Amino acid sequence: MATIKDIADEVGISKAAVSRILNNKGSFSAETTEKVWRVAKRLNYLPSGGQHADDADDIKVLAAIFPQEGLLLNESPYYSIMVSLLEKAAYDYGYSLMLCGALYNWEDEEKIFRSLRQRNVRGVILGSFSHDAAIFHNQRIPVVTIGTKASDQIPCIRSDNYASGQAAARHLLGKGCRRPLYITGYWRGLEYDERYRGFADELARHEVTPKAYHLGMNATRLQDIEGIITRMALDNPDADALFAESYSLSLECLRTYIGLGWRIPQDLKMVGYGNAFLTAYSNPRITLVKEDSWQIARRAVSLLVDLIENGPSAEASARDILVPVSLEAHQTT
């Protein structure tokens, strides 16, 4: 009796990809899909509509780990959008995606790896800044980080954050702004915030200096964040522009400033950072420095699958891939 492996060997793709095509999952070219069904029919392989017993070990899983605190506190759909894009990219490569937030006790490393092995996880996409990516690398589990470079031994896919700051500064300068503010919740602090450095450096070329605010690690509740934004607004009544480091933070700034009586953009022009999927979540719509989230997801999965299927290399491990950004102007500027 023909098996998934027989079809995969003849078509020249993975067994997982064959299984997904026969179960109408994933996204594959019409040519590949047609070839799989043609070979399956010729070999008299007829899927029953469920997973075959001999396919159980063929299921390949990637784990995506994101910070639970970000999901709970930011109240932003950013992470759900990124997970959806990663899942789509994983399916294209014949993998399933398992989302991990509060699943693990991070103080018990052996429990982490045992759980990953039980779930047949082949590699990890780490988007959480709060956990050490080296624990996966040390256990020889392929890992790729997104957003934050963990070490020289672990590849990272991230937006060009320095260019993000430059783009925001150029846009606001072009609008005539000369008294800008910057606010960030970046966990490592202002001195490590590349968006701030790009923003400040570009403004300095025009002899403009931004006044920066950092939320600090203690600003964990929404009322704390609102209080800091309120104090920033009251302390700087003559400010004419604001660049917020994240989309969730720009939403809070917009809500707080409007609540205090500021007119946006007449009194204050505002730029945030996010992706194109987020622009519909505010009224007025926020001008965004836009990251290419789909490109980040696709390249992260592609690199991780390469590490899984072809093994690590010094070149791949050292990669720090910067994905270009663009600016999308809306109603807040």
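Rule-based calculations on the coordinates, nothing more; no lab input. Since we're looking at a predicted model, the values are computed, not measured. Cβ atoms come from the backbone with ideal geometry, glycine included; neighbour counts cover every protein chain shown.
Considering only 273, 324, 293, the residue lying farthest towards the positive end of the dipole of the range 265-333 is 273, judged by Cα position with unit charges set on Cβ. Taking each residue as 0.36 nm, the span from residue 148 to residue 329 lengthens on full extension beyond its C-alpha to C-alpha distance by 62.5 nm. Here the calculated FRET efficiency for residue 235 and residue 27, from their Cβ-Cβ distance with R0 = 41 Å, stands at 0.20, rounded to the nearest 0.05. Relative to the current alpha-carbon distance between residue 190 and residue 37, full extension at 0.36 nm per residue lengthens the span by 49.6 nm. Measuring r between the beta carbons of residue 9 and residue 309 and using R0 = 25 Å, the FRET efficiency lands at 0.95. Scoring 281-289, 248-256, 204-212, 160-168 by mean Cβ neighbours within 10 Å over their residues and listing the highest first yields 160-168, 248-256, 281-289, 204-212. When all alpha-carbon pairs of the range 161-291 are counted, what percent fall beyond 22 Å? So the portion of pairs separated by more than 22 Å is 29 percent.
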